[in-house]
1. Name the one entry in V463, V444, V405 that is more than 16 Å from ligand 1 (Cβ to nearest atom) and closer than 29 Å to Q109 by Cα.
2. Go through the residues of the stretch 278-298 one by one and say whether even a single one is of a type in the set (A, V, I, L, M), part of a helix (DSSP H, G or I), open to solvent by less than 50 Å² (accessible area, probe 1.4 Å) and away from ligand 2 (no atom under 16 Å from the Cβ).
3. Which one of these does M307 not meet: (1) crowded, with 17+ Cβ neighbours inside 10 Å; (2) within 16 Å of ligand 1 (Cβ to nearest atom); (3) within 38 Å of the chain's Cα centre (by Cα)?
4. If you go through the stretch 451-467 one residue at a time, how many are open to solvent by less than 50 Å² (accessible area, probe 1.4 Å), within 9 Å of ligand 2 (Cβ to nearest atom) and out of contact with any Pro (no Cβ under 7 Å at 6 or more places or on another chain)?
5. Go through R329, R325 for me and flag whichever is within 14 Å of W181 (Cβ to Cβ), crowded, with 17+ Cβ neighbours inside 10 Å and among the basic types (K, R).
6. Return the residue satisfying two criteria in turn: it lies in the stretch 775-820 and is of a type in the set (D, E) and more than 30 Å from D660 (Cα to Cα), and of such residues it is modelled with the highest pLDDT.
7. Checking I515 against (1) open to solvent by less than 40 Å² (accessible area, probe 1.4 Å); (2) in contact with a Ser or Thr (Cβ under 9 Å, 6 or more places away or on another chain); (3) away from ligand 2 (no atom under 16 Å from the Cβ), which test does it fail?
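The values are calculated or read from the model by the stated rules, or taken from the named source; none is laboratory data. Predicted, not measured: the structure shown is a model, and the values here were computed from it. Backbone-built Cβ (ideal geometry, glycine too); neighbour counts: all protein chains shown. We work out accessible area using only protein heavy atoms, side chains counted, and drop any ligands, DNA or RNA first. Shrake-Rupley method; radii C 1.70, N 1.55, O 1.52, S 1.80 Å.
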Amino acid sequence: MPHELSKAYDPTAIEDHWAEYWVRENLFSQPTPAACSGEKAFTVLLPPPNVTGNLHMGHMFEHGESDILVRWRRMCGDRVLWIPGTDHAGIATQMLVERKLATEGTSRQELGREAFVERVWEWRRHYGGAILGQMKRLGASVDWQREYFTMDDNLSVAVREAFVRLYEQELIYRGAYIVNWCPSCQTAISDLEVVHSEQKGHLWEIRYPVIGPAGGGVSDEFLTVATTRPETMLGDTAVAIHPEDERYLHLRGKKLRLPLMGREIPIVLDEWVSRDFGTGAVKVTPAHDPNDFALGQRHNLPSINLMDDTGHINSEGGAYAGLDRYVARKRVVADLEEQGLLGSIKDHTNNVGHCDRCKTVVEPRLSTQWFIKIQPLADKAIAAVKPGPDGKKAIRILPEQYEKVYLDWMTNIHDWCISRQLWWGHRIPAWHCAACHKMTVARVDPTACAHCGAATLTQETDVLDTWFSSGLLPVSVLGWPHIDANTKAAFEAFYPTSLLVTGFDILFFWVARMIMFGCWFSPDVPKPDGSTRELQDAVPFREVYIHALVRDANREKMSKTKGNVVDPIEIVKQYGTDAVRFTLASMASPGTDIAFNIARTDGYRAFANKIWNAARFIFMNVDRAAELGIRVDPAVLGGMPVVAADAPIEARWIVAELNDTAAQMNASLAEYRFDEAANTIYQFFWGSFCDWYLEIVKLRLDFGGTLVTNGTEGQIERDLEETRATLTTLVSVFEASLRLLSPIMPFITEELWHAVYDGMPPAKSIALARFPVPTAKADEQVIADISLLQSLITEIRAVRKEAGVEEKATVPVEVRTDANLRQLAVENRDIIEKLARVSEVRFVEAITPGLSKHSTASFDVAVVYERTIDVAAERERLTKDIVRYEKGLTSAQRQLGNEAFLAKAPANVVDGLKKQEAETRQLLEKARAALNSLPPEA
Ligand SMILES: [Zn+2]
Ligand SMILES: [Zn+2]
């Protein structure tokens, strides 16, 4: 049956088809085995994109890197599981649905909590799967049967269990604390969700009257403080000075009259105060500044919370109650000025925190929140990353620089505020009792207070921080907290997961929390032999790989405001998924950001085209051979091709190169060197396979008259056998190349692989075939031989061009060389003649003077062509060459003369350099001689 492959490569046509096929056939689903056999497990958890999300370049890159590794490990025979899902993304989703309600002229408050939450679910059912649909289209080889949503029932059970357990262990508490409050989102947000940016503002000086000694009357003295947020003075409860500040020694023990409010406030002494900043006197507003809060705690100062949830002054603000914080600021400043209490006003650049979601200026504000006591969770999470007693780390974080970042953060970590004042999310399972005012925290909704039995219970209105649920994913997706046979089997097969590929931006948000929770909860699930899970096996993953960022072609961060965002879906439509994946992989070296350049994608689209055309050429020959009864036995495909010792040179060579390529790719992927893996297979396929091997093979595949009609029967028999051997090597090397390419370019390789097998492949997908592993040490001799022939042919082509030989003309060449190359050239005369369009190779002792010639360290070659050389041009060329050689020589000599370099450089590098130096010296001498031998210009 002749192969049918459309003439032009059209990625959209094939990609849609296979993307749909992979999902429909459940190709990447990995059921939990009842018992584990010897194969290695490779489990990866997808960082769950927000349910509100659309795929951006960062996702495409992250999913691409994971998919390459996952497909590679799967093809290596590992038991591979990649688990997908989406995150309910509390704030983001609630904001989105609230905006929608606003367009309908209603609000969440109007709907009420229950109806609002129902609306969010409805929204999720309609729109929530967008990003997963895009992942399917891009071919992510995840197990779709295990897809989860962080609000699913089973995952919610895990969230509840974790909360109740930590509460029972007295690791969760409720307390007043300064939080970052977003007046627009109306919730506390974590430090990590606050983005700081410089903003022009003012520094206002305010004069606080000192209360005189007798009868509490006001003296004529003032203490001046400075602030960037004057409205907060309404909540001041002290002014602090440094204990050794000599300017203020006389004010110790005195009190001040707070302007506008009239309250008496003390002057306190605290070493935290910087004498050099401002006036050295600091107003203290414990309820609205984290440093003041800490200071207030040290001095037992009251905290006055001035603002409500929306950033308006509340009744604590006296005459200013009801004003927005910025209106209040203006009013306060005006009133102070009127009373003569305003000092100087200076321009001041402030580092202001904004809400990451809505960009509103964050208000530090005292509120009652739920917290996780971070010890001893953090200690375990530190131990998991540091080397243990055996010197081994339970978790490796790569690139290594991030390990220190992680440990620094974990060492200085604060208690984690886990409550959010939202409606969308896991509601905190705590009930307040109206009778005894105590709290009941329970796994099952209680009907009566656990302390006094009263039925007057109301549930806490806060929900949990989204990262609380996603932090549990490594254990919850495998069945925790239900410890039954299924969970045990799943943990045995897949826990700890092998690898997490993620971005630096969620190292603390998510990675750190998974480590804390994983180490804390997974010991519930015993090891198969019944023993307890120690830290080494309690960690949620063995390795974390922090990927780079994708930037635009000018290395600028992509952002909507800059308008330089590249939409992956658009690029994919234009170039095909394979070309985009290949672009990203080819640029992905650890620790280096990617400057995404469309020109490169264009280049890799051409690469895909090259693969397609190679397939068409091969299939055409396979079909022609089939007409003569010559067939490639499909049984020889699928492994690493082998060739007979007496096979033609190009067959032995391409198999040697293939072995080398497979070895390099396996090594590169093991080290996350996606760039090296991509470039290795690119060089092999385009450079070696297409440019050289296919060109030589064309010589061997002669289906013209000679094969069948001429020659004796024995001759025909031999020819048929040789053709079969050539075809077998050709097809099997091509098939193996497809398998090497498949993790990076899954679509085109799937299409062509099915075609290689004429639609009857040995497996449902190339993704289930084996990744090539080298079977033999590459034959270095044949690689060196071909390399010499290539260099000879390349030089002949170059010299032909310079001599102005017509493209199609065949010409004789003169070659001066040693016996070794001479023999090689004689044996492979046909290759040289075909690939360099040579009519005759003449071996000479010296090149005939006057011929256009090229020299290398191994040979001189010239074309015999009557066109006289252009002396001036030749002189210019040689002069340029001489300059280049001289430079190269100087640089090599400088390096070889550098003791420090020689002491450090590996021996093979030094040897290579020496060899290079000798060769350059030879070339230089030859070029100088050639220049001298040029006839004088007319
Ligand atoms: Zn906000
Ligand atoms: Zn009670």
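1. Working: V463 fails: more than 16 Å from ligand 1 (Cβ to nearest atom); V405 fails: closer than 29 Å to Q109 by Cα.
The conditions single out V444.
2. Keep residues of the stretch 278-298 that are of a type in the set (A, V, I, L, M), which gives 281-282, 284, 287, 294-295.
Of the ones still in play, those that are also part of a helix (DSSP H, G or I) are 294-295.
Subsequent filtering for residues that are open to solvent by less than 50 Å² (accessible area, probe 1.4 Å) retains 294-295.
Pick out the ones that are also away from ligand 2 (no atom under 16 Å from the Cβ) and you get 294-295.
Taking every residue of the stretch 278-298 in turn, at least one turns out to be of a type in the set (A, V, I, L, M), part of a helix (DSSP H, G or I), open to solvent by less than 50 Å² (accessible area, probe 1.4 Å) and away from ligand 2 (no atom under 16 Å from the Cβ).
3. Unmet condition: (3).
4. 2
5. Only one candidate qualifies: R325.
6. The initial filter retains those residues of the stretch 775-820 that are of a type in the set (D, E), namely 779-780, 785, 795, 802, 806-807, 814, 818.
Subsequent filtering for residues that are more than 30 Å from D660 (Cα to Cα) retains 802, 806-807, 814.
Values: E802: 84, E806: 81, E807: 83, E814: 94.
The extreme case among them is E814.
7. Looking at each condition in turn, I515 falls short on (2).
Matching residues to (1) over 33 Å from the mean Cα position of the chain (by Cα); (2) not polar (S, T, N, Q):
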position	(1), (2)
S732	yes, no
E735	no, yes
V773	no, yes
P812	yes, yes
R822	yes, yes
V826	yes, yes
